[in-house]
Amino acid sequence: MKIVHTEASLGFGGQELRILNEADGLKRRGHELTLICPEEAEIYRIGKSRGLDVAALPIGKKSLAGVIALRNWIKLHQPDVINTHSSADSWLVALATRFMKNRPAIVRTRHVSAPVANNITSRWLYTRSCDHVVTTGEKLREMFINVNGYLPSHITSIRTGIDLSRFKPGDKLDARRVLGLNENDVIVGIVATLRSWKGHRFLIDAFATLPFDADLKLLIVGDGPQDAALRQRVVEFGLDERVLFAGRQDNVENWMQAMDIFCLPSYANEGVPQSLMQSQACGIPAVTTLVGSIDEAIVSEKTALIVPPKDVSSLADALKVLISDDNKRIQMGLAAARQAADNFSEKIMLDKMEAIFTRVVQ
């Protein structure tokens with residue numbers, strides 16, 4: 001098939017990573033893949049570096065120019081299916097193909113758990129303008145069915161898959177030596193774009209209440225719009241020597257393998273977070289919330305401890321439980337790795353997406 005992904009977002013996070021990994025995987029299976037995005041988007045540069053066919057079009061926002069550019073490109077290249085991802089590109093594709101003869105099939109992927117407006121225009125976008133909707137978590141699918149009233153047959157939940165040959169249990173001491181981290185520290189870590197709803201602020205606040213121990217460290221991997229505010233909060237708490245900002249890293253598996261505890265205290269907008277699946281695959285026990293479809297990435301009390309969103313006290317208590325109990329960390333980590341091996345493979349995602357594309361094209 002000739003498959004096109006469109007992405008309007010200029011930033012880079014789990015959504016964009018899934019698009020690239022999915023495109024890479026289906027390309028390896030013999031399909032022809034093209035990514036359409038704004039030239040200034042990070043996914044444009046990263047897609048190019050991965051050897052993907054990337055077309056730069058003005059789709060970063062809703063505009064007549066974007067509609068015309070997409071319509072002309074689609075007419076010229078005649079793809080079989082277009083998979084849209086963000087609001088702007090979904091609207092532009094819907095309008096560009098509205099009265100097109102031999103219109104390509106359209107699949108809309110919804111990555112976040114934020115509610116979708118229950119009005120006539122949103123209903124048209126998610127039903128009549130596309131052939132199928134994919135959500136990245138089952139709770140997102142249930143929201144469309146139970147809240148928006150969409151037909152169950154029109155929506156499929158396909159969890160993001162991860163590369164289990166890359167994300168797997170490793171030698172913690174070796175990982176720390178390579179990364180320059182202290183071998184004797186107890187390290188609580190988070191890997192996530194520095195956005196407000198990921199809950200970094202609450203993690204820092206909780207960490208600040210833990211009993212001072214020179215061997216206890218907080219590792220923050222990722223970059224994003226909250227970077228300056230979070231660094232300032234660390235300074236205000238006097239945690240400069242205990243909190244490490246590592247920035248965005250390509251080898252996140254090594255950073256995860258160096259951690260003792262993974263924490264993702266998100267309070268909004270989650271599907272099934274890739275970082276939680278990745279850390280579970282690396283055999284790292286987690287402390288997290290149940291926002292969005294997070295429960296599809298963990299098993300409560302067996303691979304992760306659950307806390308209410310924005311609850312600093314509960315978050316600190318859960319961290320204390322794992323920090324103080326080496327054996328509990330080990331047992332939960334082993335269970336996490338088994339859970340990931342059974343459920344999180346990239347092959348499962350690719351099989352299901354390939355089946356959706358095949359069905360809507362026929």
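The values are calculated or read from the model by the stated rules, or taken from the named source; none is laboratory data. Here the structure is a predicted model, which is why all the values come from computation and not from measurement. So basically every Cβ, Gly included, is an ideal-geometry build from the backbone, and we count neighbours across all protein chains shown.
Kindly establish whether ILE106 is in the same structural domain as GLY66 (by TED's automatic domain parsing), closer than 18 Å to LYS62 by Cβ, of a type in the set (A, V, I, L, M) and touching a strand residue (DSSP E or B) at 6+ places or on another chain (Cβ under 7 Å). Let's see the steps before the verdict.
On the way: in the same structural domain as GLY66 (by TED's automatic domain parsing): yes; closer than 18 Å to LYS62 by Cβ: yes; of a type in the set (A, V, I, L, M): yes; touching a strand residue (DSSP E or B) at 6+ places or on another chain (Cβ under 7 Å): yes.
So ILE106 fits the description; yes.
Count, please, the residues in segment 344-362 that happen to be touching a residue at least 24 places away in the same chain (Cβ under 8 Å), of a type outside the set (A, V, I, L, M) and assigned to a helix (DSSP H, G or I). Don't jump to the end; show me each part of the working.
Within segment 344-362, the first condition is being touching a residue at least 24 places away in the same chain (Cβ under 8 Å), and the residues that meet it are 344-350, 352-354, 356-361.
From the residues that got through so far, the ones that are of a type outside the set (A, V, I, L, M) too are 344-347, 352, 354, 357-359.
Now drop any that are not assigned to a helix (DSSP H, G or I), which leaves 346-347, 352, 354, 357-359.
Here the count works out to 7.
State yes or no: is VAL252 over 30 Å from THR127 (Cα atoms) and assigned by TED's automatic domain parsing to the domain that holds ARG176?
Values: over 30 Å from THR127 (Cα atoms): yes; assigned by TED's automatic domain parsing to the domain that holds ARG176: yes.
For VAL252, the condition - over 30 Å from THR127 (Cα atoms) and assigned by TED's automatic domain parsing to the domain that holds ARG176 - is met.
If I ask for residues that are under 12 Å from GLY224 (Cα atoms) and touching a residue at least 40 places away in the same chain (Cβ under 8 Å), which ones from segment 173-196 would you list? Explain how you work it out, then say what you get.
Narrowing segment 173-196 to residues under 12 Å from GLY224 (Cα atoms): 191-196.
VAL191, ALA192, THR193, ARG195 - these are the residues of segment 173-196 that are under 12 Å from GLY224 (Cα atoms) and touching a residue at least 40 places away in the same chain (Cβ under 8 Å).
For segment 327-362, give me each residue that is closer than 19 Å to ASP215 by Cα and either at pLDDT below 95 or under 25 Å from the mean Cα position of the chain (by Cα) (or both).
Matches in segment 327-362: ARG329 only.
Output yes when any residue across segment 60-83 is aromatic (Phe, Trp, Tyr) and either surrounded by fewer than 20 Cβ atoms within 10 Å (Cβ to Cβ) or under 17 Å from THR156 (Cβ atoms) (or both), and no when none is. Steps first, please.
Keep residues of segment 60-83 that are aromatic (Phe, Trp, Tyr), which gives 73.
Now drop any that are not either surrounded by fewer than 20 Cβ atoms within 10 Å (Cβ to Cβ) or under 17 Å from THR156 (Cβ atoms) (or both), which leaves 73.
Yes, segment 60-83 contains at least one residue that is aromatic (Phe, Trp, Tyr) and either surrounded by fewer than 20 Cβ atoms within 10 Å (Cβ to Cβ) or under 17 Å from THR156 (Cβ atoms) (or both).
What are the residues in segment 137-156 that are within 25 Å of THR97 (Cα to Cα) and in contact (Cβ under 8 Å) with a residue 60 or more places away in the chain, if any?
THR156
Pick out the one residue from ALA206, ALA214 that is over 23 Å from the mean Cα position of the chain (by Cα), buried (at least 21 other Cβ atoms within 10 Å of the Cβ) and farther than 17 Å from ASN254 by Cα.
Working: ALA214 fails: buried (at least 21 other Cβ atoms within 10 Å of the Cβ).
Just one listed residue meets the conditions, ALA206.
For segment 1-22, give me each residue that is over 14 Å from ALA88 (Cα atoms) and among the acidic types (Asp, Glu).
GLU16, GLU22 - these are the residues of segment 1-22 that are over 14 Å from ALA88 (Cα atoms) and among the acidic types (Asp, Glu).
Within segment 229-249, restricting attention to residues that are over 15 Å from ALA192 (Cβ atoms) and charged (D, E, K, R), which residue is nearest to the chain's Cα centre (by Cα)?
Ranking the qualifying residues of segment 229-249, first place goes to ARG231.
Inspect segment 272-285 for any residue being part of a loop (DSSP other than H, G, I, E, B), touching a helix residue (DSSP H, G or I) at 6+ places or on another chain (Cβ under 9 Å), at pLDDT below 95 and crowded, with 16+ Cβ neighbours inside 10 Å and give the result as yes or no.
Of the residues in segment 272-285, the ones part of a loop (DSSP other than H, G, I, E, B) are 272-273, 282-285.
From what's left, touching a helix residue (DSSP H, G or I) at 6+ places or on another chain (Cβ under 9 Å): 272-273, 282-285.
Applying the additional criterion that residues be at pLDDT below 95 yields 272-273.
From what is left, the residues that are crowded, with 16+ Cβ neighbours inside 10 Å are 272-273.
Yes, segment 272-285 contains at least one residue that is part of a loop (DSSP other than H, G, I, E, B), touching a helix residue (DSSP H, G or I) at 6+ places or on another chain (Cβ under 9 Å), at pLDDT below 95 and crowded, with 16+ Cβ neighbours inside 10 Å.
Of all residues in segment 223-246, how many are among the aliphatic types (A, V, I, L, M), more than 11 Å from ARG201 (Cβ to Cβ) and not in a strand (DSSP E or B)?
Of the residues in segment 223-246, the ones among the aliphatic types (A, V, I, L, M) are 228-230, 234-235, 239, 243-244, 246.
Now drop any that are not more than 11 Å from ARG201 (Cβ to Cβ), which leaves 228, 235, 239, 243-244, 246.
This time we only want the ones that are not in a strand (DSSP E or B), so: 228, 235, 239.
Summing the residues that are among the aliphatic types (A, V, I, L, M), more than 11 Å from ARG201 (Cβ to Cβ) and not in a strand (DSSP E or B) in segment 223-246 gives 3.
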